Each structure stands twice: as structure tokens, then as C-alpha cells.
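So the structure is just underneath, and the comments pick up after that.
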Amino acid sequence: MKTVFIATLTTLAAAAAFAQSTPIRIGVVTPLSGTYAGIGQQVRWGLDLAAREINAAGGVAGRQLELIYEDEEANPAVAVQKAEKLFQVSKVDFLTGTVNSGSTLAVGQVAERNGKLMATTVSFADSITGDKCSPNVFRVNARAGMQSAALADWMATTRPNANVFYLGPDYEMGRSTVAAFKSAAEGKGAKSAGEVFAPLDNKDYSPYFGQIRSSRPTVIYTSVAGNDTVRLFNQMAEFGVSRNVQVVGASGTVTSQNLAAIGRNADGFVTGVGYSPLIDSPENKRFVTAFEAANKALPDLYGTDSYGVLYLYKAAVEKARSTETDRVREAMRGMSWSTPQGVKTIRAGDHQAMQDMYAVRVNSGKFEIVGRVSAAAAIGPDACTRF
Amino acid sequence: MDWLQFVLAPQVINGLSIGVAVVLMALGLTIIFGLLDVINMAHGEFYALGAFVAVALIGMGLSFWLALLVTPVLLALVGYLSERTLVQRVFHSKDRHTLTLLLTFGLGVVMEDALKIVFGANPLRLEAPIQGATEMLGLFFPHYRLFVMLFGGAVIAAVWLLVFRTPLGAMVRAAAFDRHMTASLGVPVHKVYAATFAFGVALAALAGVLLAPMYSVFPTMGRDFVFIAFSVVIIGGMGSIKGAVLAGLVLTQVQSISSLWISPVWSDPLLFGIMVLVLVWRPQGLFGRLGHA
Amino acid sequence: MLESALARVAPASATGSRPNDALRWIAAVFFVSALAFGLIAWAVGDVFFLRLATEALIYGGLALSVDLLLGRTGLLPLGQALFFGLGAYVSALVLKHWDASFWLALGVAIGASALAGLLGGLIAIRSKGVYFALISFGLAQVVSKVIYNTRELGASDGLIGVPAAQVGGGLTSAVPLGFFLLVLTLIFIVWALLSLLMDTPFGRQLAAVRGNEQRLAFIGVDPWRVKLAVFVLAAMIAGASGALYPMLRGFVSPELMFFQVSGNAVINVIVGGTGTLIGPLLGSSLLTGLRSVVGSWTEHHHIAIGLLFVAVVIMAPRGLVGGLAPWLQARLDRRGAKDRI
């Protein structure tokens, strides 16, 4: 009887020890091919760096992290399929990496169905932690409303009562980004000089320049992104539209992916973002050095937020002392943790990370910091009613 | 008067520079179809390839002007090889239309992906070789755009002369009209076909290089652009050079001017609608030849 | 238009042989294997592969609709995703806002697709060849752009929160094996009906349109009506397949209407075997699985599939089944001849 007892005990102990040493698997569904591959690349770099550091320091609660990547091609239909594969076949404990909002929302449903948690580090549509919030979805990056708040604040300080012309891509996201900034800016005294929406993937913006010029704006706000930005900025320079006008825009307008193609024509552009490689803190300096050494490229906000999500997970799992979904969720709510951008806190009401926001200006390929808004001022109201 | 000067005139002028580029693309397409009976669905990707090759050449140190001359030649070679190795294989089946359509469609998919793999997905930059703009009568004329209009116009005129006023052009037209008779007259028809395909591809590549400084360079740049080129070719009449030129210039003007009144999102659907109407009224296009489906 | 190729696959019955034997045999193997696959997957407790297979069958339905147009009528549709996506959106809206009933959603989606097919057909049917292809492409572009911009339809994010569809007797679309079997049955029915249809006068008329439209008019049949009818039928099949998608995945997005879906369907048909009806189903199943597997290994999966497609078009334009069937037919004929002697 005693031998049976001891044998059982040792087996259990061995099993427990074994469980402790099996890796924690993190699924990453991110675009590795297609138009957004550049963003997916930064996400990957950020995650890999964080995983390496965490594993070298002993892992999460003694267990090593294992990242499993799947290509979602920035297509929600593919993302959903790959997410299910990761949950069902690869048995991951946690998922991250989705880039576009459609994918994040759809994969969030898959996460709910599988009883697991996911976090996005890129998608900035307000609805993800707003009216379409989910108890299994967390957001580590800043949402669109926070970005607008930072920019509107800077603009009100440096160019009070500005006359703003709005130019955006004619689709839902483009229009709502313009609308969000417009209300934030006009709440601080700006005036509207006009607005125009060009088709997505528009090649030639010169037809709109006459209208812009005749309205004599002091500021031009744009929410174009990717290739559209390259064309718009180069053509604005070509036609002299951006002379003596301050150009501002959404955080996705000028990023490390299209900065090279815009070149000097991006100089002077100001936007509101959650990160710049030039943030002057020892944490950030250390991070940037390590990132550059590993990847021969500077981190951008996608890489940095992806780096941060693994540390959030580590902190939550260690606090909850388990990888079990409900416990981790509880731990994540209200969790504060240290990131290259400073201390972030997850708001319990909507799973949105709160952080200080920056206004940055592009200058010779660098993102200089020209303004800062505190987390509390930038976060905006909690619009999530589901939990 | 103010409206005429500040609103309408700029639209017309911008329409012209876009129009010239569209005509160059459409010319390549219509020549390949008219003289070869092949529908080249990879035309947009050849356009993109032209732009990328130019970027690469300039990156290696060549000047823009040299790249402008060299790129179409290089792409012509690529086109020649594609025709000999790929298109010829499906050329002799009973209905080459569908098979070449599918083949070039697949080729386009492969080329677009190859571009992504080699050059990356992020957009690339090509600096305009002529900087600056002139302001005249309150209108802005960027010098590079003027150059595109003039150079493009010259190329179009040269093509027309080549096809209709030279013995070489006559040979090509003969080969299109009656392959066997032309072959029995001693003309190397296979080579003529491949050369014509190469020529059409070279025109697309030229358009790609010319437009690269104005619009950015990225792997999917061909896909949207080729749709308008196809519409122009269909409306103008497949195989008709006159049709491609006229339809190209007129339609880009229509798009440019109509964006003053209707939301620009509808300018592509508008073009599509015009294409459908023309097909209903005159299925062979405005100047097309009957018997070409 | 792939007449010469098709003549080798399904020779005219004037010779007295039964050309469909080989195809029916291949189809039997396909459906039985699919059934076996489903049962085995369920037995080992798998969910992912069952759902992936269901998705493959759904795209197979779309491929069937493309084959109906391309292989049987000689019209190349580059925008069939329009009806697929339309069916998906209608189904999602019905399930979310009206009633989570499988039959209702499917029915309304088929109705909507028929209507859309009628409208689209009236525009597209007048043309052939590349004109038809481009009009089909253009229609899909225009409609998908409209949906992309419509906030009420979720705009670029699409619609999430689509509930599982209730089929009846406790079966819902959330049950992996149950829904897989249901979709398999539906696809089987569609395939069987289409195969039977090809042997009717209408089916002959389709072949006549493909062969020589003018002659068809001379014998008193209006080719325009025939083409319109088949276009509407194809639209309904595509719409029905699309309706199943949100039931499986719980969401819809504008990407379902994009060119990639139409292009993939054409590739599935060509690789599987144009005009054979079972070939597209096979092609769809194989390539959906292949895309998923290859996609996990490398980011360059697009180009791999593209190269495969180009190789098939050049070297084996009859596709898998198109190449397999004549060989199989010859063997069956030999066996049949032996029996008769």
C-alpha cells in the first residue's frame, strides 16, 4: 500500500514537472505574403526578439515559449482557417499577429469558440474594443481614437484655429478616420476648409489639387495609406501643394514600409502614434539596439507592440500561475507592464491598452517626437458593453 | 471663366498625361491581339516588370534616360522568349482564345508573385529625372508630366508609322491577315509572331518606366491598370490601333472630367458601363474588325 | 472552346459507347472517399480537417458553377465570386437578423443569386470570349467595391457574429461531422442533377452553343436564351455554395467577392478537368488542401500554385480527370467488349 502511494506521488510529481517543462505555444496568424507582408515582417521580428529574451531569462513561469507562425495573407477567410488550425491541431495557448481589423474580428470569434485568448498588436479600428468587443480579445496597440487625440492636441497647441482640408481614401475606414480626427480637432477650435475622398488605389491626385489650393488651408489632413501615400505625397511635392502647408495624417499614412519610397517628400509630416524609435528612455534605447542588431532595421510601432504583447502574456500568466484561459483573462484585466513605450495598462472594461501617446514628425527618415499626451487623456470612453 | 481656367483646364491636362500612358498600354494589347489573335492577360505584369527593372537598373547606377531606353529592349527579349516557349505551345489548338487567356492569366499570377519575392512587397521610389514645374495662367505644369505627354505622343506616332508605313509593318500585317499565304511568300511567320508579342510587351514596359516616377512602383501595380487598358482596347476595337489611341485619349478625358461632378469612386464603374454599352451597340468596338471575337 | 480536348474526354455518343462510365466511376470513388474521410476524421476527434474539407466542398460548388459555364458552354467567367459572395452575405444577413434557419438562409440566397444572375446575365450574355470574361470580371469588381464601402454591411471589416444555422432535428452548422455530411450531400445532389442535365436536350443545346452558336440558331433554338438560362443556373449554384460559408465560419467579408476567389475557382476547374463536372470538385478539394498545407511551409505558396496552373495549361489542358478518364474509359470498354464476346 505504501509503495503504491509513493509510486503514485512520484508519478504525479514527475507529470507535474513534465507539464512545467513543456513549452507554452503561442500561435501567430499574420500576413507573411501579400501587400501587408512588410507589417507581418515587423510583427515577426518583434515577437521573435521578445521570445528569445524571455526564453533566455528562464521562460514564462519556468516554461519556454514556442512561436508557431501561419500566413493569413491579410484575408479574414484565410486567417480564420489558419487560426483554427493553430488552436485545434497545434494546440496553442494564445494567439496574436492579426493585422487588418476584419481578420482580428473574425479570428476573435474563433478564439471564443475554442475558449482561448488572443491579442492584436496592429489593428486600430475602434470597434475591436468598442461595439464589437469580445471577452477573448485584447488590444495592445493604440486605437484610432487615441491616435487622433494625440494629433489633435498637438495641432491645437502649435496651430490654433487651423483651417484644415481633409483628404481621405473613399472607403469606410478612410472616411471614419477622417471623421474621428475632424471631431477631435474641431472640438479644439479647428475649422474645416473642405473635404474630398479619392478612390482607394487612386493613382493620380492632381485632379484634387485645384480644389485644395483654392481653399487655402493651413493644414492638410489625410488618412491615405501604403502606396496611395507614396503617390499623394510625391504628387503634392510635384505640384507644390504642400509648400507652406502643414501636412498631418493618420498613423498608418507614413510608416517604415512606405517611407523609403516617399523619401524627402515626407519631411514635415506629423501624426499621432504610440511609438517612435527616438523615445528617450533606457528601456527603449536597449530595445532599439537589440532590435537593430538582430534585424538590421529599426523597429516601428508594429514591431514594438508585438514585442510588448509577449511580455504582457508573461506577466499575466505568472500572476495567474496558470495558462488557463479564465485565469489569464482575469490577470490581464487591469494589468500594467513595462514596454519600450513606457508603462502600459490594460483597461478592464474593454481590454484596450492605455499608454501615453506621441505626436511625431518625420524628418530625413526619422520620427522625431514633437508632442506627448498622457494615457488618461488619450484613451477616450469605454464603449464596450458586452462585459 | 474662373471655373474654366482653374477647374476644367487642369482636369483636361491631367487627363492627357494619364491618357498617353493608357494609350501606350492599350497599343501593346491591341497589337498583340490584332496581329496575333492572343489576349495577353499578363500585360499588366509586364508593365510592372518594366517599372521594376528600371528601378533596378537605376539602382545599379544607370541614368533614368539610359534605363528608359534599355528597359523596353530587355523586356522585349523577355516577351520574345515567353512567346516562343509558352504561348506557341497553346497557339495551335482549335480555340486559342480561351487557352491563351488562361495561360497568360496564369503567367500574370506567377509574375506578380515573382516580383513580390524578388523586390519585396513595399513600394519603391523612382525619382523623376526632370524636376520643377512651370506656372502659366494660374495652372501648374510639372515638367516631367509635359515630357511624358510629348515623349509618349512621339512613341505613339512612331508606332503608327511603323505598322502602316514600313515594309516591316506590312509583313506583320500580312502575317496577321493570312498566315499560310505569308509563310509561303517566305516570311518567317513564327519569328514575326514572337517579335510582335515582344514589341507589344516592350510598349507596356515603356509605359511602366514612364509612369514610375509619377505613380509608385509595387508588385500589384499592373493589375488595376490593365483593366482600364482592356476597356480601352475593347471600346476602341480589338486589333485597331486607331481605336486604341482615340478611345484611350477620349476615355481618360471622360474619367478626368466626370470626376468633377460624380464621386471619383464611380469613375471606374463608369468606364465599365461605357464598355458594356459599346459592346451592346457595336460588339466589335468602335473601329474593330468583324470576325474577331 | 476546349472542344478538341473535350471531344477526347467525352466522345459523342454516336459511336454507341457509354462515355460517362469513366466519369461516373471516378465520381463514385470521390464521394465514397469523402465520406470515409469524414467518418475517420470524426472518429479520431478532429475538428479542423473536417471543417477544412467542408470549406473545400463549398469552394467545389463554386468550381462546379464555373465548369458549367466554361466547360459546358464555353464561356470563361472571371467574376463568379460575385454570386458566391452575394450568397454568403445574404445568408449571413438572414441568419443574423431574420431567423437562424438553414433552409431559409439557403433559400433566400438562391433566390437572390437567381435575380442577380438574371441581371448580370442580361448584361454579359451578349458577348463571348474575352469580352464575356472582362464583363464578368468588371461586374464583380463593381459590386465588391460597393459592398466594401457600405457601412451597413460591415464595410471592409465584414460581418461577424453570424449564428450557427439550425438544420432540424438538433443538427446545426456548428456540428463538424454533421455539417460536413450535409454539405457533401448537397454537393452530391448538385453534381448528380448537373450530370443528368447534360444528357437532356438542354444539355445538348449547351454543347451546341459551345460548338457552333450560329448553327444552333438555324435549327430554331435561340442561343441567347440558352446562355442566359445557364448563366442564371450557374449563379444559383455559386450563390448556394456561398450561402454555406458563413454557416461554417460565422462571418463574411468583402474578400469573398474579390478576384482571388474567382481566379482560384478557375484554377481549380482547369487543374481538375474542365467539362467533366467531377474534375472541378476534385480539383477544388485537392487545391484547397494543398494551399493550406503549402501555405504553412512557405510564404511562396501563391507562386507554387501559379506555376502548377501554367504547367497544367501547357502540358495537360484536360486536367487531372480529363487525362484520367479516357484511359479509364478504354479499360472499361475493353472489359465490356470482353464480356460481350
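Here, each number is a calculation from the coordinates, and none is a lab measurement. This is a predicted model, so every value here is computed, not measured. Note that we place each Cβ from the backbone using ideal geometry, even for glycine, and neighbour counts take in every protein chain shown.
Worth pointing out:
- Shielding by other protein chains, A:103-111, mean Cβ within 10 Å: 4
- Sorted by Cβ neighbour density within 10 Å, fewest at the top, the residues A:33, A:101: A:33, A:101
- Burial ranking of peptide ranges B:65-71, A:84-90, C:229-235, B:203-209 (average Cβ count within 10 Å, highest at the top): B:203-209, C:229-235, A:84-90, B:65-71
- Rounded to 10°, Cα long-axis angle of helix B:167-177 versus longest principal axis of chain B: 70
- Cα Rg, Dmax (largest Cα-Cα span) when computed across chain C, Å: 19.9, 71
- Couplings 3J(HN,Hα) for the range B:105-113, derived from phi with the Karplus relation 6.51 cos²θ - 1.76 cosθ + 1.60 (θ = phi - 60°), are 4, x, 4, x, 4, 5, 5, 4, 5 Hz, where x marks Gly and Pro.
- D (Stokes-Einstein, µm²/s), Kirkwood Cα radius, the protein assembly as shown, 0.692 mPa s at 37 °C: 108
- In plain terms, the residue of A:63, B:145 with the fewest other Cβ atoms within 10 Å comes first and the most crowded comes last, giving A:63, B:145.
- Put the Cα centre of the range C:287-317 next to the Cα centre of the range B:217-283 and the gap is 33 Å.
- FRET E, pair residue A:387, residue C:200, Förster distance 60 Å, beta-carbon r, rounded to 0.05: 0.55
- Only helices reaching 24 angstrom along their own axis (Cα) with mean Kyte-Doolittle hydropathy no lower than -1.0 count here, and for the DSSP H runs of chain A these are A:2-21, A:37-56, A:301-320.
- Peptide B:122-129, shielding by other chains (average Cβ, 10 Å cutoff): 6
- Ordering of A:370-377, B:210-217 by packing [mean C-beta count within 10 Å, highest first]: B:210-217, A:370-377
- According to the Kirkwood relation over distinct C-alpha pairs, the hydrodynamic radius of the range A:145-273 is 14.2 Å.
- Both the radius of gyration and Dmax for the range B:47-178 are 19.2, 59 Å, in that order, over alpha-carbon atoms.
- Overall Cα dimensions of the range C:271-341, principal axis frame, Å, largest first: 57, 22, 18
- Residue pairs, from the table A:296/A:366; A:91/A:132; A:285/A:319; A:319/A:344; A:296/B:116, whose Cα atoms sit over 23 Å apart: A:91/A:132; A:285/A:319
- For the residues B:176, B:157, B:247, a GNM of chain B with alpha-carbon springs under 10 Å puts the largest fluctuation on B:157.
- Fewest-first ranking of A:93, C:199, using other Cβ atoms within 10 Å as the exposure measure: C:199, A:93
- Take each residue in C:259-270, count the other chain C-beta atoms within 10 Å of its C-beta, and the mean is 2.
- Positive minus negative residues near residue A:298 (Lys, Arg vs Asp, Glu; Cβ under 10 Å): 0
- Label-point separation, residue B:263 to residue C:142 (7 Å along Cα→Cβ), nm: 1.6
- C-alpha center-to-center spacing [the range B:25-55, the range A:125-140] in angstrom: 45
- Per-selection Rg to Rh, the range B:205-293 - Cα, Kirkwood hydrodynamic radius: 1.00
- For chain A, the Cα-based Rg and Dmax, in that order, read 22.3, 95 Å.
- For chain B, the ratio of Cα radius of gyration to the globular rule of thumb 2.2 N^0.38 Å stands at 1.00.
- Extreme residue, positive dipole direction of the range A:142-188, given options A:166, A:181, A:156 (C-beta unit charges): A:156
- In this calculation the C-beta distance from residue A:376 to residue A:283 is compared with R0 = 22 Å, giving a FRET efficiency of 0.60.
- Residue-count net charge about residue C:270 - beta-carbon cut-off 11 Å; Lys, Arg +1, Asp, Glu -1: 0
- The Kirkwood radius of the range C:24-178, taken over pairs of alpha-carbon atoms, gives through the Stokes-Einstein law at 4 °C and 1.567 mPa s a diffusion coefficient of 73 µm² s⁻¹.
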